[in-house]
Amino acid sequence: MIMSPRLRKIVLTTHVATSVGWLGAVLAYLALDVTAVTSQEVPTVRGAYAAMEVTVLYVIVPLALASVLIGIVNALGTPWGLFRHYWVLVKLALTVFATIVLLIETQTVSRLAETAASSANPRELPGTLLHSIGGLVVLVIILILSVFKPRGVTRYGWRKQNEQRRNQRARPTAPVG
């Protein structure tokens, strides 16, 4: 199924917007995470944990889910396909992995925000820096794959290319004249 050029541009624009939005939201979350674990001011730490929870629940998770779904639609509706090129498969695997880890980590962030709100001294809470930095690294790798599109066709992609070549050679040409 190949999309019309107009629909393709709309889907691609939406995919880029959700993916870049996800990356930007993770950077904002990372700043809050660093603030939560380094600040000596109790109200600042409480506020950072509360903002981390809001950012995860209402920005990062929706953008991640949208990015996965729209990315799949984008790949299925273009000549790149979902299973033809290794870089697309790696992007999909990394994106799904990052989304699953995010969904699991969301529970931890909510518990930290709850504990920070009720604790006399939330400055001793552990934060989520490992996940913040790890998520950022994975998203940057996905971004690099999107821009550079390294060579490499899967077996399925190889078969599809050969089928297309055979079909093009087998088409009768119209007589000139």
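The values are calculated or read from the model by the stated rules, or taken from the named source; none is laboratory data. Keep in mind it's a predicted model, so treat the numbers as computed, not measured. Cβ placement follows ideal geometry from the backbone for every residue including glycine, while neighbour counts extend to all protein chains displayed. These area figures cover heavy atoms from the full protein model, side chains too; ligands, DNA and RNA do not enter into them. Shrake-Rupley method; radii C 1.70, N 1.55, O 1.52, S 1.80 Å.
Overview of values
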quantity: Test result for residue 54, more than 14 Å from the chain's Cα centre (by Cα), without any contact (Cβ under 8 Å) to a residue 40 or more places away in the chain and outside any loop (DSSP other than H, G, I, E, B); calculated: yes
quantity: Tally, over segment 145-174, of residues that are loosely packed, with under 11 Cβ neighbours inside 10 Å and within 19 Å of the chain's Cα centre (by Cα); calculated: 3
quantity: Residues satisfying the stated conditions in segment 61-109, i.e. among the hydrophobic types (A, V, I, L, M, F, W, C), without any contact (Cβ under 8 Å) to a residue 40 or more places away in the chain and assigned to a helix (DSSP H, G or I); calculated: 65, 68, 69, 72, 75, 88, 92, 93, 96, 100, 101, 104
quantity: Any hit, segment 112-120, residues being closer than 30 Å to residue 38 by Cβ and assigned to a loop (DSSP other than H, G, I, E, B); calculated: yes
quantity: Odd one out for residue 55 among (1) polar (S, T, N, Q); (2) over 30 Å from residue 119 (Cα atoms); (3) at pLDDT 95 or above; calculated: (2)
quantity: Subset of segment 75-111 that is closer than 30 Å to residue 37 by Cα and open to solvent by 50 Å² or more (accessible area, probe 1.4 Å) - its residue that is nearest to the chain's Cα centre (by Cα); calculated: 96
quantity: Candidate set from segment 123-141 (those that are open to solvent by less than 30 Å² (accessible area, probe 1.4 Å) and not in a helix (DSSP H, G or I)); member that is nearest to residue 48 (Cα to Cα); calculated: 127
